[in-house]
């Protein structure tokens, strides 16, 4: 027998429990998504100058009464207008620029300017808020439009509330309860809010009653926006060749039970009692009407530029 035949296999290794791995270190909590939390720029606002501009003073705690007082005062004092575009100037949406234009120089603005200034004011006063974008439906033919309007949802006792001081064709006079089916008269102007489902589950529609029928004003969804989003929207509205803001003069103002609207040389007056009138102005009357009706005081050079631009707008029509 060979020696290989007597070779024995190594003994079977006994089974042993695996040694557990050391526990993995727990991941730390994630950091904030955004490093800058001052979304609305309330700290950049000259609040005293703003309050003087809209005729308010004293203590303004973050209550529904304060929200209503500020909303009404802003709407009455600061007109809707697109004169920067008519004058060939840029539209800037940062709070210092909005304050300089609309407060210190006593001008107005369009929806993004108006509601971003209001957002800074409410933020400074301590109101939590969210900004939405809306599809303007008034004057349309039923076909969908892009979201080109801004409005705010504001948290306060008894809220949330909708706030909007930048809808030039009418709309809210004071904050509106954010509740499905809510209908109310605001100083004689009748409004209604309903949840709808044409676009998504969180879509809402604001309607106004014109004395004869309900008119769709705008629809909106509850996805939040930031000023940076409005900067993109505003660039589109101020540069697109088909944008209504670049090919006509527009101004609007609501004072009590009267709404004034100027489109080029057409001045329209609507009152809550259903009366009103439409008047065609001479080109030379545009500057005085801007001053006397809308509280927009242009210098002589600005009036000349506006008059020539309106002349051109009318010839295009």
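The values are calculated or read from the model by the stated rules, or taken from the named source; none is laboratory data. Worth saying up front: this structure is predicted, and the values here are computed from it rather than measured. Virtual Cβ from ideal backbone geometry, glycine too; neighbours counted across all protein chains shown.
Observations on the model:
- Failed condition for residue 183, given (1) free of Cβ contacts under 8 Å to residues at least 60 places away in the same chain; (2) out of contact with any strand residue (DSSP E or B) (no Cβ under 8 Å at 6 or more places or on another chain): (2)
- Condition check for residue 172: in contact with a strand residue (DSSP E or B) (Cβ under 6 Å, 6 or more places away or on another chain), farther than 24 Å from residue 84 by Cα and buried (at least 21 other Cβ atoms within 10 Å of the Cβ): no
- Residue match in segment 206-214 (condition: assigned to a loop (DSSP other than H, G, I, E, B), within 20 Å of residue 146 (Cα to Cα) and in contact with a strand residue (DSSP E or B) (Cβ under 6 Å, 6 or more places away or on another chain)): no
So that you can scan it fast, the table gives a plain yes or no per residue for (1) surrounded by 12 or more Cβ atoms within 10 Å (Cβ to Cβ); (2) part of a strand (DSSP E or B):
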| residue | (1), (2) |
| --- | --- |
| 232 | no, no |
| 252 | yes, yes |
| 284 | no, no |
| 287 | yes, no |
| 298 | yes, no |
| 302 | yes, no |
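- Qualifying positions in segment 25-73 - outside any loop (DSSP other than H, G, I, E, B) and over 22 Å from the mean Cα position of the chain (by Cα): 48, 52
- Failed item, numbered, when residue 89 is tested on (1) under 29 Å from residue 303 (Cα atoms); (2) within 18 Å of the chain's Cα centre (by Cα); (3) assigned to a loop (DSSP other than H, G, I, E, B): (2)
- Segment 133-169 - residue that is closer than 20 Å to residue 70 by Cβ and at pLDDT below 95 and, of those, surrounded by the most Cβ atoms within 10 Å (Cβ to Cβ): 168
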